[in-house]
1. If we only count helices (runs of 4 or more DSSP H) wholly inside region 76-171, which ones have 3 or more residues that are β-branched (Val, Ile, Thr)?
2. Please state which one of Asp194, Asp206 is surrounded by fewer than 16 Cβ atoms within 10 Å (Cβ to Cβ), touching a strand residue (DSSP E or B) at 6+ places or on another chain (Cβ under 9 Å) and farther than 24 Å from Val12 by Cβ.
3. Suppose the filter is assigned to a loop (DSSP other than H, G, I, E, B) and either in contact with a His (Cβ under 6 Å, 6 or more places away or on another chain) or away from ligand 2 (no atom under 16 Å from the Cβ) (or both); does Leu234 pass it?
4. Return the pair list, or none, for Cβ contacts closer than 7 Å from residues in region 45-63 that are assigned to a helix (DSSP H, G or I) to residues that are among the basic types (Lys, Arg), at least 6 apart or on different chains.
5. Considering region 99-142 alone, what residues qualify as being touching an Asp or Glu at 6+ places or on another chain (Cβ under 8 Å) and under 19 Å from Glu80 (Cβ atoms)?
6. Go through (1) surrounded by fewer than 15 Cβ atoms within 10 Å (Cβ to Cβ); (2) within 24 Å of Tyr128 (Cβ to Cβ) for Pro230 and report which single condition fails.
7. Given the criteria among the charged types (D, E, K, R), touching a helix residue (DSSP H, G or I) at 6+ places or on another chain (Cβ under 9 Å) and away from ligand 2 (no atom under 16 Å from the Cβ), does Asp132 qualify?
8. One residue is enough: does region 49-56 have a residue meeting the conditions more than 16 Å from ligand 1 (Cβ to nearest atom), of a type outside the set (Asp, Glu) and under 19 Å from the mean Cα position of the chain (by Cα)?
Amino acid sequence: SVRSNAVNSQRVVAIANQKGGVGKTTTAVNLGASLAASGLRTLIIDLDPQGNASTGVGCHPGNRNHSSYDLMSGRFSLSESAAPTGIENLSLVSSTPDLSSADIDFSSRKDRINLLSNALRQGDSYDYVLIDCPPALGLLTVNALVAANSVLVPLQAEFYALEGLSQLLMTVRKVRQNANPTLRVEGVVMTMYDGRNNLSQQVEADARATLGELVYRSVIPRNVRISEAPSHGLPVTIYDPSSTGSRAYQAMTAEFLSRQKEMCA
Ligand code: ADP
Ligand code: MG
């Protein structure tokens, strides 16, 4: 059968890195909000049981009716699971704590790695679907990789970053071989970057030497406004549009879109 992604224009991007605290959720929320602000219909799927992306776009735990768990289980369709956020053009499939047992709950299903992919087949009402992955390479992240056209990797410039990245890239290769042959690596974005720190500079240089063009020219600096924004339930691009962090994510989004164009040309 033809994958839905091949027959419609919806692009599905998994935002993944098995390390926690590297900027996955922050990137999902701010790339999502910036795409939405440029008029693109955008959906964020919160696939992390911690639910930080849901909170980050203003969806509080009491308002999470149908979640990504329900979507994967097949109990609710994509249109039933997605809800508008307070942000124009931005919708959310929220996360609920039951996601933390998804590995076990779905383990006996034959289609367990295709659950999300099958659920997303149901329609192309979005230009971009961003999947915020949990900090592990388990069933949830594998589902995201199977469902995605590409994977975007936030990389925090610290000592073990590149070793973690090679594990992730190995998982990407396995998913390509077994389930999703057209999965691409969208790119690697350096996050929480501190230009005054020698280690940050060294890791960035190593990443660029090893991965070349895959590494985005845009770099996200460490910026306090970025870390404040989630407690207001807002992307930094809305919380403080002129902050350094907001500008960095806007530049990163522009680069993302120009790379999309190159890809299609
Ligand atoms: P992950 O989803 O990979 O676990 P998060 O996006 O949640 O990582 O980021 C981890 C923490 O770091 C959060 O508290 C977030 O607000 C903060 N953070 C992320 N990016 C930045 C940044 N560029 N500057 C300052 N704080 C950041
Ligand atoms: Mg996260």
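1. Passing ranges, in order: 139-147.
2. Sole residue among the options that is surrounded by fewer than 16 Cβ atoms within 10 Å (Cβ to Cβ), touching a strand residue (DSSP E or B) at 6+ places or on another chain (Cβ under 9 Å) and farther than 24 Å from Val12 by Cβ: Asp194.
3. Values: assigned to a loop (DSSP other than H, G, I, E, B): yes; either in contact with a His (Cβ under 6 Å, 6 or more places away or on another chain) or away from ligand 2 (no atom under 16 Å from the Cβ) (or both): yes.
Against the criterion (assigned to a loop (DSSP other than H, G, I, E, B) and either in contact with a His (Cβ under 6 Å, 6 or more places away or on another chain) or away from ligand 2 (no atom under 16 Å from the Cβ) (or both)), Leu234 qualifies.
4. The qualifying pairs are Ser54/Arg64.
5. Leu99, Asn118
6. (1)
7. no
8. no
Just so you know, all these numbers are worked out from the coordinates, no wet-lab data involved. If you're wondering where the values come from, they're calculated on a predicted model, not measured in any experiment. Heads up, the Cβs are rebuilt from the backbone with ideal geometry, glycines too, and the neighbour counts pull from every protein chain shown.
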